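Undergrad: Once you've had a glance at the structure underneath, I'll fire off some questions.
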Amino acid sequence: MNESLINPFTLSHPTAVQTSLFAGAIFSRFDPTGRFIAAARLDGSAQIWDLETRGTIRTLDGHVKALTSIDWSHHSRYLLTSSKDWNILIWDLASPTNPPLRYNTLRFDAPVHSACFHPKNSQIVLALLSTGELYLCDTRKSHRTRAEILESILEDGEEEDENSGQGRARSPMTAARFDPSGKNIFVGNAAGYVLVFNTRTRIMVGRHKIIGAGSIKSMDFAKSGRRLVTNSSDRTLRQFSLSTYPTPLNETDAVSILETEWDAALKFSDPINRSAWHAMCYSPDGEWLAGGAADPAAHKIHVWDLANGGRLASALDGGREPLIHLHWHPLKSSMASTTNHGNILIWHCPSPERWGAFAGGFEEVDENVEYEEREDEFDIEDEAVISERKRKAEEEEVDIDTLLTGEQISAFDKRRGTQTPGHTGVSTPIGQPSHGDTALGGIDGGMLDLDAAWAEAEPDGDGPGAWKMKIIMDDSQD
Amino acid sequence: MDPLAGMDDSSTDDETASQTTEDDPQIPEQPPVSAPVPIPAPPPLPAAVAASAPPREKPHYSLQHTLRGHTQSISAVKFSPDGRLLASCGAEKVVKIWSPETGEFLRNLTGHTQGLSDVAWSSDSMYLASASDDTTIRIWDIETGMTQKVLKGHTKWVFCLNYNTASNLLVSGGCDGDVRIWNTARGKCMKTLHAHLDYVTAVHFNRDASLIVSCALDGLIRIWNTSDGQCLKTLAEGHDAICQHVQFSPNSKYILSTAHDSAIRLWDYQTNRCLKTYTGHINSKYCISACFSVTGGKWIVAGSEDHKTYIWDLQTREIVQVLEGHTDIVVAVATHPTQNMIATGSIDSDLAIRIWVDPGPRPGG
């Protein structure tokens, strides 16, 4: 709500490094509130930094090998760490201790490549192993399952494509994400396919061949959930607009699999250095896409302007330490990029100091303006009239304690990208064809309920304002 | 310089320096009350509609307890955010902790070497910060009564301070005109804003701690960006209205200021407009604080130099109740975070804290 006061200009992308955290990190992720950043370290520990004080507040030491991924639950209470030591640990940050209590441990038979929470319920975890197997772990009491998610292979050879020569063997999965609503799981595999599964029933509902992509390395969703960007071994980022997938009623429901070839609406690559991408990330409003270049000698972030057809807006230079990871702040025009020396660079959009702010009632103008006198500017008014008008103006009702206005609610929703049916219009990003949005929203609104109700059964105790990060006094003398 | 007369007198320096920013207790109280509500609430519901249904016409506060123990002028009283404790401080170097329910004295927090001007609670009610004329701030562990941190950095008397909602930051204002932002866990100063040219008499974070409002005896109210320390706005009323206390409203949409022209103003800081003016009390010399009361009806509560405490209706700006009992100027006032309870503190010849309670709506209506 103070955005207008703090930044009077339209939200832009970050352009300069604000601060550098000496974290010894291999990658780092903002939490959904943007107050904290979790830094993963090579020794298997993770540290949580408070961005307001720029100090570490928790050290999560539990893994014996390097971390592979970190995820925050929707209101930041739980933190998931996955590691090459075959484990996923889930930490409860509401516990008043440092290190915080371990809430859950999930063990697997292979190093965990990546893992993430369901966006609506942190008791549902998606785990991708380095063997290319994908598991959906549901730790809720009434649902307790650990099920492998498998690509459905058609029995008859009706599918004729260049990969059929590899037989019916399933390609190993290389990237897996929930979409922002949690309704579907998107999986990228080594053969350049994106597979879509319904989360609740684990039935495959979509399969898309990306032409020329090669192995899918990672995926990211715009917060609206309508756009997906993929990073693949051909050093190209591709953006796709997503269609609506059928919702199976139950595990045995036969649904037709949406089987299409995807041709990217927008492709992003580095035409000069042909560098690959370590990471890419949408801005919270979906107007920008940032890509961290895998340049061995420089720290380069490319930012593309999606509202203007994917034009390269700028190539940011973060110094000499090569970039290994990149994450955009969930709410603000800010990014965190991790260097291979372990430093986290926090990027921001610097606003020029406004000296006019120091004098009450003055306004700074960028260039000379011819002053136009108002008709009544120097009229002499009766003091009684003035005080009467002032009295009248003060009759207006004020509201001192209602917390969220409509604008704030939408901001609140955007924070996590939860797509409640009523708000589809609000968070629709610019640059998205507006036609068909309402229709899609309508279908989604009806269908989402079944999946949302399933996901929200047995809530995880991570509601807004349901917990607080306790301040632990740091007694180390320095 | 007339307004400063009380300040310049060395013996009364800190007793007049009362800074009671009572809304610290209110902030933590807010999430449980309002956070679950607004999400299902339809966005078009205008805030005014909710506020325009006052549950009761008038408050009926009556004296519940008189707490005696201070030996020198009281400068601040604050309820803890959980409502179980009341902290008070004054010119005699100690913080006193009371039970507002029973009126019982619980403990002294001793350690400062000079008088105190302000105290502030962390939102978990575990820690209390105190601002002293010995140029330090101390953070106390309320359970043990021990000093957890001594925050050193101010070059002159520390006048006012407040925690942010997360309580990882503390903001303080000093008589050198500086505003400092502290990391509470480490007890280190993170940032110094050369904010004003005169005593900084109040500082306050907004709800998400993105903004700080400060005011000083130079008559200006300034709003600062917490993260980069930039001044975002300056509000100034007439030259006779030297502002001595400011705070954000519980939802951080407005700021409430008290000034030496015997007026309390509610500002819309986005548009620089003064929305409401509350008058009727006397305030021309001392630093008198005002606060919001949102537990029953919506009131503004402030002390006065005529030894009374005034309660105004937030919307109509009428005085709805006057609390009489103190025998000297009421400089400190605080409202309980959840109950209809007001604490007031008075200076030198009275030295009492009085707790006032409104029993709530009568059975008849």
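The values are calculated or read from the model by the stated rules, or taken from the named source; none is laboratory data. Please read these numbers as outputs of a predicted model, since none were measured by experiment. Cβ coordinates were reconstructed from backbone atoms using ideal geometry, including for glycine residues, and neighbour counts include every protein chain displayed. All accessible areas refer to the heavy atoms of the entire protein, side chains included, with ligands and DNA or RNA removed. Shrake-Rupley method; radii C 1.70, N 1.55, O 1.52, S 1.80 Å.
Undergrad: Please enumerate the residues belonging to the range A:35-55 that are touching a residue at least 12 places away in the same chain (Cβ under 8 Å) and either over 30 Å from B:W182 (Cα atoms) or among the hydroxyl-bearing types (S, T, Y) (or both).
TA: The answer is A:L42, A:D43, A:G44, A:S45.
Undergrad: Identify, by number, the condition in (1) within 11 Å of another protein chain (Cβ to nearest Cβ); (2) open to solvent by less than 10 Å² (accessible area, probe 1.4 Å); (3) at pLDDT 90 or above that B:Y254 doesn't meet.
TA: Just one mismatch for B:Y254, condition (2).
Undergrad: Taking the range A:273-296, which residues are over 22 Å from the mean Cα position of the chain (by Cα) and closer than 14 Å to A:T338 by Cα?
TA: A:D295, A:P296
Undergrad: I would also like to ask the following. Report, by residue number, each residue of the range A:197-224 that is closer than 16 Å to A:Q239 by Cα, touching a residue at least 60 places away in the same chain (Cβ under 8 Å) and not basic (K, R).
TA: Selection gives A:S218, A:D220, A:F221, A:A222, A:S224.
Yes/no matrix, rows are residues, columns are (1) free of Cβ contacts under 8 Å to residues at least 60 places away in the same chain; (2) surrounded by fewer than 10 Cβ atoms within 10 Å (Cβ to Cβ); (3) out of contact with any Gly (no Cβ under 6 Å at 6 or more places or on another chain):
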site: A:S334; (1), (2), (3): no, no, yes
site: A:I346; (1), (2), (3): no, no, yes
site: A:R374; (1), (2), (3): yes, yes, yes
site: A:S387; (1), (2), (3): yes, no, yes
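Every residue, every condition in (1) within 27 Å of B:C231 (Cβ to Cβ); (2) away from chain A (no Cβ under 12 Å); (3) surrounded by fewer than 19 Cβ atoms within 10 Å (Cβ to Cβ), yes or no:
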position	(1), (2), (3)
B:R84	no, yes, yes
B:I97	no, yes, no
B:R107	no, yes, yes
B:Q114	no, yes, yes
B:D118	yes, yes, no
B:D141	no, no, yes
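Undergrad: With respect to A:L326, determine if the residue is buried (at least 21 other Cβ atoms within 10 Å of the Cβ), within 12 Å of A:H278 (Cα to Cα) and of a type in the set (A, V, I, L, M, F, W, C).
TA: Considered against the rule, which asks whether it is buried (at least 21 other Cβ atoms within 10 Å of the Cβ), within 12 Å of A:H278 (Cα to Cα) and of a type in the set (A, V, I, L, M, F, W, C), A:L326 comes out as yes.
Undergrad: Another question about this same structure. Take the residues of the range B:235-250 that are hydrophobic (A, V, I, L, M, F, W, C) and within 9 Å of another protein chain (Cβ to nearest Cβ): which is least open to solvent (accessible area, probe 1.4 Å)?
TA: Going through the range B:235-250, the residues hydrophobic (A, V, I, L, M, F, W, C) turn out to be B:235-236, B:241-243, B:246, B:248.
If we keep only those that are within 9 Å of another protein chain (Cβ to nearest Cβ) too, we end up with B:235-236.
On the way: B:L235: 6, B:A236: 53 Å².
In this case the residue turns out to be B:L235.
Undergrad: So which residues in the range B:281-310 are within 14 Å of another protein chain (Cβ to nearest Cβ) and open to solvent by 10 Å² or more (accessible area, probe 1.4 Å)? Working first, answer last.
TA: Filtering the range B:281-310 down to residues within 14 Å of another protein chain (Cβ to nearest Cβ) leaves B:290-301.
Answer for the range B:281-310, where residues must be within 14 Å of another protein chain (Cβ to nearest Cβ) and open to solvent by 10 Å² or more (accessible area, probe 1.4 Å): B:V294, B:T295, B:G296, B:K298.
Undergrad: Does the range B:318-337 contain any residue that is open to solvent by less than 10 Å² (accessible area, probe 1.4 Å), out of contact with any Gly (no Cβ under 8 Å at 6 or more places or on another chain) and within 14 Å of another protein chain (Cβ to nearest Cβ)?
TA: Scanning the range B:318-337 turns up at least one residue that is open to solvent by less than 10 Å² (accessible area, probe 1.4 Å), out of contact with any Gly (no Cβ under 8 Å at 6 or more places or on another chain) and within 14 Å of another protein chain (Cβ to nearest Cβ).
Undergrad: Do any strands (runs of 3 or more DSSP E) entirely within the range A:213-298 hold 1 or more residues that are touching an Asp or Glu at 6+ places or on another chain (Cβ under 9 Å), and if so, which?
TA: A:216-221, A:227-232, A:237-241, A:258-262, A:277-282, A:288-293
Undergrad: Here's another thing I want to ask about it. Would you point out the residue of the range B:193-214, among those that are outside any strand (DSSP E or B) and touching an Asp or Glu at 6+ places or on another chain (Cβ under 8 Å), that is surrounded by the fewest Cβ atoms within 10 Å (Cβ to Cβ)? Break it down into steps so the answer makes sense when it comes.
TA: Initially, the range B:193-214 is screened for residues outside any strand (DSSP E or B), giving B:195-199, B:206-210.
Next cut, touching an Asp or Glu at 6+ places or on another chain (Cβ under 8 Å) only: B:195-198, B:209.
Numbers: B:A195: 25, B:H196: 23, B:L197: 12, B:D198: 16, B:A209: 21.
Going through the qualifying residues, I end up with B:L197.
Undergrad: Could you tell me which numbered condition A:A315 fails, if it satisfies all but one of (1) open to solvent by less than 40 Å² (accessible area, probe 1.4 Å); (2) within 30 Å of B:D228 (Cα to Cα); (3) aliphatic (A, V, I, L, M)?
TA: It is condition (1) that A:A315 fails.
Undergrad: Are there any strands (runs of 3 or more DSSP E) wholly within the range B:63-102 with 3 or more residues that are farther than 22 Å from B:D141 by Cα, and if so which?
TA: none
For (1) in a loop (DSSP other than H, G, I, E, B); (2) at pLDDT 90 or above; (3) at positive phi, each residue gets a yes or a no:
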{"site": "A:S12", "(1), (2), (3)": "yes, no, no"}
{"site": "A:I26", "(1), (2), (3)": "no, yes, no"}
{"site": "A:T33", "(1), (2), (3)": "yes, no, no"}
{"site": "A:A46", "(1), (2), (3)": "no, yes, no"}
{"site": "A:W49", "(1), (2), (3)": "no, yes, no"}
{"site": "A:W91", "(1), (2), (3)": "no, yes, no"}
{"site": "A:L106", "(1), (2), (3)": "no, yes, no"}
{"site": "A:D109", "(1), (2), (3)": "yes, yes, no"}
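Undergrad: Out of everything in the range A:303-357 that is of a type in the set (D, E, K, R) and assigned to a strand (DSSP E or B), what residue ends up being nearest to the chain's Cα centre (by Cα)?
TA: The residue in question is A:D305.
Undergrad: Here is a further query. Every residue in the range B:266-280 that is of a type in the set (K, R) and open to solvent by 10 Å² or more (accessible area, probe 1.4 Å), please.
TA: Matches in the range B:266-280: B:R273 only.
Undergrad: With the condition kept exactly as written, say whether any residue in the range A:303-322 is in contact (Cβ under 8 Å) with a residue 12 or more places away in the chain and β-branched (V, I, T).
TA: Yes, that holds for at least one residue.
Undergrad: Please work out which residue is nearest to the other protein chains (Cβ to nearest Cβ), limiting yourself to the range B:183-234 and to residues that are under 20 Å from B:F248 (Cα atoms) and of a type in the set (K, R).
TA: Ranking the qualifying residues of the range B:183-234, first place goes to B:K233.
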